[in-house]
1. Rounded, prolate or oblate: pick one for region 1-106, where a ≥ b ≥ c are the square roots of the eigenvalues of its C-alpha gyration tensor, a/c under 1.5 means rounded, and failing that, prolate if a/b is larger than b/c, else oblate.
2. First compute the accessible area of region 84-232 with a 1.4 Å probe, then give the percent of it belonging to carbon and sulfur atoms.
3. If I compute solvent accessible area with a 1.4 Å probe over the protein chains, what percent of it on region 16-59 is carbon and sulfur?
4. If each DSSP helix of 4+ residues adds -39,500 (n - 2.57) and the sum is divided by the residues in the chain, what number results at 222 nm, nearest 500 deg cm²/dmol?
5. Wrap a convex hull around the Cα atoms of region 1-43, take a quarter of its surface area, and give that in square nanometres.
6. Excluding ligands, DNA and RNA, what is the solvent-accessible area per residue of region 169-232 at a probe of 1.4 Å, expressed in Å²?
7. Find out how many positive minus negative residues lie around Ala143, taking Lys and Arg as positive, Asp and Glu as negative, among other residues whose Cβ is under 12 Å from that of Ala143.
8. Please count, across the chain, the pairs of lysine residues with Cα atoms under 23 Å apart that sit 8 or more places apart or on different chains.
Amino acid sequence: MDRRLEGKSALVTGGSRGIGKAIAEALYRAGARVFIVGRETRSLVAAAKEIGEIICLQGDVRRDVKRIFRAVDRLDILVNNAGGLDHQGTFEKTGPDAWRSTFEMNLFSAAEVTRAALPLLRRSKGCIVNIASDVGRRPFRMAPDYCAAKAALINFTKYLALEIAPVRVNVVCPGPVVTGPWGRAAIRAAAARTLSGRTGRPEEVADAVLFAATCGFLNGATVGVDGGAVRS
């Protein structure tokens, strides 16, 4: 059994479903004590029943960060996974309110969670893994605010790695991973973007996060888990 993270504590935002839940399970299976943060109590409880003895913290990382961190006494690994996209509009159809909301979900929340976690991470000489997207590396025709927010998260990662060393900071950029109700046409189009000819699985992203969390010589890196969608 893999126990590389025995004695370590990890916190995963957006950890109750999809990629976040897969990350939480991978860290737990590797021996870590795992906190998951999510907005919906029902989803948190369901994730805990599926994964095992993890700690559920209900809250919205856009506004409840101080309350969330009152329950965290030690932290070695922070995974900023919370984020999302609630539209597919073009630039001309995406107004300033949508831009603000998207940046709050995908960038500002990660910055504020990191700010709250940093004293604990400095104490443990821990690490941060941010979850961005392949569209932050090479945008395609969808939600320009989302592409820009994920690009900013990648840049934030590289800057932060420089400032807060020896705390390590890396970013994992998943390609198309089906975690919700995608139509067949959307799945085919997403799979066609990859060299693998398929969409990814949450567990494959979790494998990359586990690597980033345990490889002590990896810092300031962008790790693409996209089936070859972005080749750089």
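The values are calculated or read from the model by the stated rules, or taken from the named source; none is laboratory data. Just so you know, these numbers come straight off a predicted model, no measurement behind them. With ideal geometry, Cβ positions are generated from the backbone for all residues, glycine too; neighbour counts draw on all protein chains shown. These area figures cover heavy atoms from the full protein model, side chains too; ligands, DNA and RNA do not enter into them. Shrake-Rupley method; radii C 1.70, N 1.55, O 1.52, S 1.80 Å.
1. prolate
2. Carbon and sulfur together cover 57 percent of it.
3. Working: 960 of 2030 Å².
About 47 percent, which is the carbon plus sulfur part of the accessible surface.
4. -12500 deg cm²/dmol
5. Details: hull surface 11.5 nm².
Over all viewing directions, region 1-43 projects a mean Cα-hull area of 2.9 nm².
6. On the way: 3220 Å² over 64 residues.
Spelled out: the 1.4 Å probe surface of region 169-232, per residue, equals 50 Å².
7. +1
8. 11
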